[in-house]
1. If I filter the range 218-262 down to residues being open to solvent by 30 Å² or more (accessible area, probe 1.4 Å) and among the charged types (D, E, K, R), which single residue comes out as nearest to residue 174 (Cα to Cα)?
2. Taking the range 133-173 on its own, how many of its residues are among the polar types (S, T, N, Q), within 30 Å of residue 82 (Cβ to Cβ) and loosely packed, with under 15 Cβ neighbours inside 10 Å?
3. Does the range 1-23 hold any residues that are hydrophobic (A, V, I, L, M, F, W, C), at pLDDT 90 or above and more than 18 Å from residue 50 (Cβ to Cβ), and which are they?
4. In the range 183-194, which residues are over 19 Å from residue 126 (Cα atoms) and open to solvent by 50 Å² or more (accessible area, probe 1.4 Å)?
5. Consider residue 276 carefully, then state whether it is open to solvent by less than 20 Å² (accessible area, probe 1.4 Å), more than 15 Å from residue 349 (Cα to Cα) and at pLDDT 90 or above.
6. Look at residue 28 and say whether it is at positive phi and of a type in the set (Phe, Trp, Tyr).
7. Sort out which residues of the range 37-91 are basic (Lys, Arg) and open to solvent by less than 10 Å² (accessible area, probe 1.4 Å), and write them in order of number.
8. Which residue pairs have Cβ atoms under 7 Å apart, sit 6 or more places apart or on different chains, and have a first residue in the range 302-329 that is among the acidic types (Asp, Glu) and a second that is surrounded by fewer than 19 Cβ atoms within 10 Å (Cβ to Cβ)?
Amino acid sequence: SEGMLPPELNVAVFGTGSANGQFLNNRFKEAFPYLLSAKVDNYAHQNQNNLNYFSTCLETAIGDDKIYHVIVADFYLHHHLGFDGLIRKLRSRFPHAMIILLKSWSPSHFRRKVNRLSTRSKSFMQWKATVGLNESSTVEEINKQLELDHGFWYYPNRPHADAAIDGITENYRAHVFKFPFLPEGPKATLLRFMNLFETKKHSNLGKLGHRAVANDLKHVIRNGHQNPQLLVDLATVGTFGGGDYCELWYSSGTARMRHSEALKMKQLDVTNYYVMELKGSDVWMNVTNPFEDPRTLYLSFITSNERNYLPNVLVEWGDGQSKEIVSLSTDPKLRETKTATVGRIPPGTQTIVLSPLRIDEEASLPDRPFGLIGYSFTDEVAVPLEYGFGLSFDRDEQAEQEERQESVQEEGTNTINEGIS
């Protein structure tokens, strides 16, 4: 039928909260990636920094055995975290795939002023609070207040995001699916599409919105390719460019490299995150540069803050090369993940020695040990963020498939009848 796509169509989705199915009761049954295709790998995560992770570590993240025919990416407002680098690598690896960029918005992005000339504005959530609405308010209640409102509503211009999307579209043969705006203006747009978004934060699609986006994406695929079956028949794979090798254990708790017994894996308090703590005097680990040329080594770790002071660490390797790693965050109130540049490592396996440092010769070492969460080699073009890199993106594909099979008990995911427009 007109609504069906080739059943063997392999789809990959990259994005943040909406693509991940945040706030849905059953994301494997209700989120648009799973409504779009029965053969989908959903790499979306509610943390926006996953864009930097995938642009830096794409080869590590998806492996060498994948072939995708359609790729959807929803990073319009986070383009500065590596959007161009991600699409560049995806196009290089999957030269014939259809790449679709979502130019999305949500009610939380809209703002209100008393009138057009006012210099002060409120966010959508601030407006809700001023008219007595809260997280439990229904769409009908929200729209009723919106209809009665006489303020000036607008959607802020995004010139840098628009330019990024335009450049990526032109450079990498991508398609764009834009969430619609009504010609009547922002307020009319909100009233028309409010029911497509969740009403807790108004930042992610709701169940109806996911159905609509999945249906519209099918139209994009059909209209963008004369015969979608050719996406399958002509599919080939290229390279990942310069390649990458990233070993992170922050969420998996599993480190594959050889290391001394003084490096101990530990679960962080009551969280599901893990660090390898430096405990003892003989601390070393092997890092592997699998490439034919020297690459820059990046170490990722947990930072100090004003309540949890950790030592700095001296990293030594090769013929007397060394680099001091500073553990303190730029914000002393935060304890977060940080990634530091170590230095150039030649091809092959190299042993690095890690030594905790005192502030001065008379000071004692802090009670809490330094905690590593991984190391990375990149293509030298896309590099890790200093803060927030590698936050729980060790994707357990088998566990996800098992959870998905338990969640989805029925077929027929290609029978959506209404789009967002």
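The values are calculated or read from the model by the stated rules, or taken from the named source; none is laboratory data. Computed from a predicted model, the values in this text were never measured in an experiment. Heads up, the Cβs are rebuilt from the backbone with ideal geometry, glycines too, and the neighbour counts pull from every protein chain shown. Please note that ligands, DNA and RNA were not included when accessible areas were found on the heavy atoms of the full protein model with its side chains. Shrake-Rupley method; radii C 1.70, N 1.55, O 1.52, S 1.80 Å.
1. The selected residue is 222.
2. We begin by selecting, within the range 133-173, every residue among the polar types (S, T, N, Q); these are 134, 136-138, 143, 145, 157, 169, 171.
Those left that are additionally within 30 Å of residue 82 (Cβ to Cβ): 157, 169, 171.
Pick out the ones that are also loosely packed, with under 15 Cβ neighbours inside 10 Å and you get 157, 171.
Of the residues in the range 133-173, 2 are among the polar types (S, T, N, Q), within 30 Å of residue 82 (Cβ to Cβ) and loosely packed, with under 15 Cβ neighbours inside 10 Å.
3. The answer is 9, and nothing else.
4. The answer is 183, 184, 192.
5. Numbers: open to solvent by less than 20 Å² (accessible area, probe 1.4 Å): yes; more than 15 Å from residue 349 (Cα to Cα): yes; at pLDDT 90 or above: yes.
The answer is yes for residue 276.
6. On the way: at positive phi: no; of a type in the set (Phe, Trp, Tyr): yes.
Taking the combined requirement at face value, the residue does not satisfy it.
7. Keep residues of the range 37-91 that are basic (Lys, Arg), which gives 39, 66, 88-89, 91.
Once the filter is applied, which keeps residues that are basic (Lys, Arg) and open to solvent by less than 10 Å² (accessible area, probe 1.4 Å), the range 37-91 yields only 89.
8. Matching pairs, first to second residue: 306/332; 306/333; 316/322; 316/353; 324/312; 324/314; 324/357.
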